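Only one structure is covered here, and it is reproduced in the block below.
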C-alpha cells in the first residue's frame, strides 16, 4: 500500500494515526511492530479500519495493556482476508510465528506432543509425534506437560500388548523378545499373531483412548470365552488379567456426566506475573479420559474472557479432535465468540457450542477443573520462587523436549572407540544433577566382537551394564533411583550398577539407537528413557519419536548433552589409547624367550618404554637386576 511521506519531525504515533483513514474496511489481520521491527501485537478484525481507530482514542479510554503497546508501537502492517474465519486462522499463524510481546499466547506451543497410530501400516506402532498431518492416521492430544504423554503410553503398554520395537516385521525372527514373555506384546515378529489379530489389539487401544472402555471389555470377554471353549486356558487367563487391569483403570476414571457426551472442560487461573495456568479436562463418552495443562504468557491486563478466547483459538487450531460442546468457567469475549464458534463448526463439520454451566454436575465439573488450575498455578509459583541455576534449567528443557517422565537428574552416556575394529573399548560416564559423577564412570573391554562393528560393540557393552537391572524388568512400576546405601562408598560397584538412570544417551545416530533398543527390549529394561545424539547435525533421536529433535544452538539443554557426549568420547579415547599402547609393548617383549612379567616390568621401569629399550646397549640391558648378557643379546635380536 502506497504511503504518503511523513511530515517533518512527526512521531511514529502520528504517522500511524494518519494512515488509519486509508485502511480497508473489510476483514483482516493487523500487526503492530516496534522501532526495531520487533513484533508487539497481532490482532484480527471484521472491519480493520474501525478496529485500528480504537487504538488511537483518548489514552484514558484505553486498557493499560493497549496504552503500553501504543507507547512502543512504531508501525503496523495489514493483511486483508476474504472472511473473518480466514483472519482468525491467519492471526493464529502470526502469533505462533512471531510470538508478539503483548499477545496472550501458549508457551512453546510448537513442542506439544501427540500420540499417533498410523492404521495404514501392516503392524502399526503407537508412538509420539509433534506434527499432525492429514494422513489418515489417528492422533490423540495435544499433551502439554513433559511427562503426561509418556504416562499415557505407560498405561497403554500395560493394558494392551502392542509392539514397542521399530523393526520391520517379517514374521521370520528366531525368537521373540522379553516383551512377549511378560505378556506385553503378541509377537508378530515370530508370527505368534497374524496381521488381523494385531490390528484387533490396535483397535482396542484406539477404543480405549476414545473412552469406549465398555466396548473393549465386551470384546475381550467374548475372546476369553472363545479361548476357554477351545481349551486354550493359558490364553484365556491372559485375557482375563487384561480385562481386570482395564476395569481397574476404568474405575479410576471419574464419571463426568450421566450421558455419553463428548466434551472438553476448560478453566484457568491467573498469576501475579505475566502468565496463566489453563487446565483442560477431556471427557469422552461421559468419562474423564484425560487432563492436561498449558501455560500462557503475555496475559497481563487481559480479561479472563479474552484469555479464554485466545486459548481456545490456539489450542483447537492444532487439536486433532473438536468436541461438539466446550464447557467454560466464563463466557468468551463477546467480540471473539461468534467467529470462533463459526470457525470450529467449520472444522468439525457440525455445530460446536460453548456452555458456561451455572448448576448441576457440569457446574461441579468446571469447578473441579478451576480448582486444579489454581493448585497447578500455586505449584508453578512455588517452583519459580526457588533459585534455578543453569543446569536445572537445562535439565528441565531436556525433559520437556524429550518428553521424559521425570527430570533427568542421573544421565548415563555410552561411546565406543576402536581402530578398524582392533582394541575395541567402551565408556560409560555418569552425570548427576548436571555434574560429572566420576566415581561411577566405567570402562569396558569389548571381548565378543570381531572386526569393525560398532553396533555389536555397543550392544555388548550395554548388555554387560544393564544385566544388573534386568531382574526388575517385569515389575509393574518403573524402579526408583537407588540411593547410595549407608556405609557404601560412591565408587562401590553396587552404587554404580544398581542406580537406575533417568536418561541413557548413546553417541551415534538412528542405527546406534536401534541397536541399543534391541538390548533394552531383550533385557526388559525399556522402562529407562533412551536417546542418541548424532554429532554431524547434533540431532537427538528417541525410539518412539520418528522425527529427530533439534535443540536450538543456544539451548542450555544442547550444551549439557554435548558436554556429556564429549566426556564419554574423551573417556573412551583415553582408554583405547592406553590399551593399544599396552598391547603394542606386550606384543614385542612377550615374544622374547626368557622375558616374563617381572623382568618386563624391570626393563620398562629402567628405560621408560620400548623406545628406551631399543636405544640401550647390551651392557646396559644386562645391568638391569634379573637380566643376563645372554637375555640382553636376545632382546636386541628380537627388537
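The values are calculated or read from the model by the stated rules, or taken from the named source; none is laboratory data. Computed from a predicted structure; not experimentally measured. In this analysis, Cβ positions are derived from the backbone assuming ideal geometry, glycine residues included, and neighbour counts consider all displayed protein chains.
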Just give me the residues in the stretch 389-410 being in contact with a helix residue (DSSP H, G or I) (Cβ under 6 Å, 6 or more places away or on another chain) and either under 29 Å from residue 573 (Cα atoms) or not in a loop (DSSP other than H, G, I, E, B) (or both), in sequence order. 390, 393, 394, 397, 398, 408
Going by what's in this entry, would residue 365 be described as touching a helix residue (DSSP H, G or I) at 6+ places or on another chain (Cβ under 6 Å), closer than 16 Å to residue 292 by Cβ and buried (at least 17 other Cβ atoms within 10 Å of the Cβ)? no
Among the residues of the stretch 201-213, which ones are without any contact (Cβ under 8 Å) to a residue 40 or more places away in the chain and touching a helix residue (DSSP H, G or I) at 6+ places or on another chain (Cβ under 8 Å)? 207
Do the conditions hold for residue 82, that is, is it more than 19 Å from residue 37 (Cα to Cα) and either part of a helix (DSSP H, G or I) or out of contact with any strand residue (DSSP E or B) (no Cβ under 8 Å at 6 or more places or on another chain) (or both)? yes
Considering the stretch 50-78 alone, what residues qualify as being under 30 Å from residue 347 (Cα atoms) and surrounded by fewer than 18 Cβ atoms within 10 Å (Cβ to Cβ)? 50, 77, 78
When you check residue 147 against the structure, is it surrounded by 17 or more Cβ atoms within 10 Å (Cβ to Cβ), modelled with pLDDT under 75 and in contact with a helix residue (DSSP H, G or I) (Cβ under 9 Å, 6 or more places away or on another chain), yes or no? no
What about residue 560, is it in the same structural domain as residue 468 (by TED's automatic domain parsing), touching a strand residue (DSSP E or B) at 6+ places or on another chain (Cβ under 9 Å) and closer than 19 Å to residue 396 by Cβ? yes
Check the stretch 153-162 and report whether any residue there is over 20 Å from the mean Cα position of the chain (by Cα), on the phi > 0 side of the Ramachandran plot and not in a helix (DSSP H, G or I). no
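So which residues in the stretch 69-108 are without any contact (Cβ under 8 Å) to a residue 40 or more places away in the chain and either more than 30 Å from residue 130 (Cβ to Cβ) or in the same structural domain as residue 335 (by TED's automatic domain parsing) (or both), if there are any at all?
Hits for the stretch 69-108 are 69, 71, 72.
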Looking at the stretch 399-407, is at least one residue over 25 Å from residue 113 (Cβ atoms) and either crowded, with 22+ Cβ neighbours inside 10 Å or at pLDDT below 90 (or both)? no
The correct count of residues that are part of a strand (DSSP E or B) and closer than 17 Å to residue 413 by Cβ in the stretch 529-558 is 10
Only unsatisfied item for residue 323, checking (1) part of a loop (DSSP other than H, G, I, E, B); (2) at pLDDT below 85, is (2)
Among (1) touching a strand residue (DSSP E or B) at 6+ places or on another chain (Cβ under 6 Å); (2) crowded, with 22+ Cβ neighbours inside 10 Å, residue 284 falls short only on (1)
Report whether or not residue 476 is within 28 Å of residue 559 (Cβ to Cβ), surrounded by fewer than 16 Cβ atoms within 10 Å (Cβ to Cβ) and modelled with pLDDT under 85. no
Within the stretch 51-68, tally of residues that are part of a helix (DSSP H, G or I) and out of contact with any helix residue (DSSP H, G or I) (no Cβ under 8 Å at 6 or more places or on another chain): 7
State all residues of the stretch 294-305 that are closer than 15 Å to residue 333 by Cα and surrounded by fewer than 19 Cβ atoms within 10 Å (Cβ to Cβ); if no residue qualifies, say none. 301, 303, 305
If you go through the stretch 442-456 one residue at a time, do you hit one that is under 21 Å from the mean Cα position of the chain (by Cα) and either under 24 Å from residue 562 (Cβ atoms) or touching a residue at least 24 places away in the same chain (Cβ under 8 Å) (or both)? no
Mind checking whether some residue in the stretch 175-186 is touching a residue at least 60 places away in the same chain (Cβ under 8 Å), farther than 18 Å from residue 517 by Cβ and not in a loop (DSSP other than H, G, I, E, B)? no
Going through 332, 308, 327, 268 one at a time, which residue ends up being crowded, with 17+ Cβ neighbours inside 10 Å, more than 30 Å from residue 206 (Cα to Cα), touching a residue at least 12 places away in the same chain (Cβ under 8 Å) and not assigned by TED's automatic domain parsing to the domain that holds residue 93? 332
Looking at residue 174 and the list (1) touching a strand residue (DSSP E or B) at 6+ places or on another chain (Cβ under 8 Å); (2) at pLDDT 75 or above, which single condition is not satisfied? (1)
Does residue 29 satisfy being within 19 Å of residue 306 (Cβ to Cβ), touching a strand residue (DSSP E or B) at 6+ places or on another chain (Cβ under 7 Å), surrounded by 12 or more Cβ atoms within 10 Å (Cβ to Cβ) and modelled with pLDDT of 85 or more? yes
